[in-house]
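Take a look at the structure set out below.
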Amino acid sequence: MYYCYFDTPIGELLLAGEQEKLALIGFPEGSMRRNPESDWIYNEAPFEAVRQQLSEYFAGERKNFDVPLSLDGTEFQVSVLEALLDIPYGETTSYGAIAKQIGRPKAVRAVGAANGRNPIPIIVPCHRVIGSSGDLTGFGGGLDTKAALLRLEAENSGSLL
């Protein structure tokens with residue numbers, strides 16, 4: 001697995017993946033804070049497109065990502081991750097709505113758990129999932145980071161890439 005670090009307005013992110021597919025974004029703080037494994041190889045080259053697109057996202061110039069992803073997990077978890085990719089930029093949804101979308105309306109807690117283990121946050125926009133009451137709920141990078149991402153998108157919801 002290759003990895004590199006990338007400075008952003010929300011802190012230094014760890015990017016990791018195999019060849020051309022991004023497999024992980026690790027936050028600098030929170031439950032999704034990650035460190036490279038001992039057998040990973042530092043190499044920025046495989047992440048050129050990811051870094052460029054994240055730069056555009058944080059500058060408010062990009063709302064859709066176009067990088068190859070390695071979505072890992074059970075069939076159910078991958079279905080949740082794929083549903084997250086359908087949440088439009090600048091909008092939010094609930095765990096219940098995702099559960100209905102994937103045809104498992106009673107699996108709200110399981111959707112929350114799958115959302116919480118999302119290995120590729122920001123690009124797979126789990127930050128756009130909020131509680132049914134409209135409250136911000138858990139986020140691997142911390143609630144302040146979730147709020148910052150939602151605020152960025154709210155401020156830049158116009159016509160973008």
Among Val124, Val78, Val129, the single one that is hydrophobic (A, V, I, L, M, F, W, C), without any contact (Cβ under 8 Å) to a residue 60 or more places away in the chain and surrounded by fewer than 19 Cβ atoms within 10 Å (Cβ to Cβ) is Val78
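Scan region 87-126 residue by residue and report those that are in a loop (DSSP other than H, G, I, E, B) and of a type in the set (D, E, K, R). Working first, answer last.
Step one: filter region 87-126 for residues in a loop (DSSP other than H, G, I, E, B), giving 87-92, 102-107, 117-125.
Those that are in a loop (DSSP other than H, G, I, E, B) and of a type in the set (D, E, K, R): Glu91, Arg104, Lys106, Arg117.
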Log entry, pairs with first residue in region 94-117 being assigned by TED's automatic domain parsing to the domain that holds Val129, second being among the charged types (D, E, K, R) and surrounded by fewer than 17 Cβ atoms within 10 Å (Cβ to Cβ), beta carbons closer than 8 Å, six or more apart or on different chains, reads Tyr95/Arg109; Ala99/Lys106; Gln101/Asp86; Ala110/Arg104; Val111/Arg104
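From the list Asp66, Asp86, exactly one residue is of a type outside the set (A, V, I, L, M, F, W, C), loosely packed, with under 14 Cβ neighbours inside 10 Å, within 18 Å of Pro119 (Cα to Cα) and assigned by TED's automatic domain parsing to the domain that holds Ala113. Which is it?
Working: Asp66 fails: assigned by TED's automatic domain parsing to the domain that holds Ala113.
Of Asp66, Asp86, the one residue that is of a type outside the set (A, V, I, L, M, F, W, C), loosely packed, with under 14 Cβ neighbours inside 10 Å, within 18 Å of Pro119 (Cα to Cα) and assigned by TED's automatic domain parsing to the domain that holds Ala113 is Asp86.
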With criteria (1) β-branched (Val, Ile, Thr); (2) under 17 Å from Ile120 (Cβ atoms); (3) in contact with a strand residue (DSSP E or B) (Cβ under 8 Å, 6 or more places away or on another chain), Ile41 comes up short on (2)
Selection over region 12-27 where residues are in contact (Cβ under 8 Å) with a residue 40 or more places away in the chain and over 17 Å from Ser70 (Cα atoms) yields a count of 2
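The values are calculated or read from the model by the stated rules, or taken from the named source; none is laboratory data. This structure is a prediction, so every number in the text was calculated from the model and none was measured. Note that each Cβ is placed from the backbone with ideal geometry, even for glycine, and that neighbours are counted across all protein chains shown.
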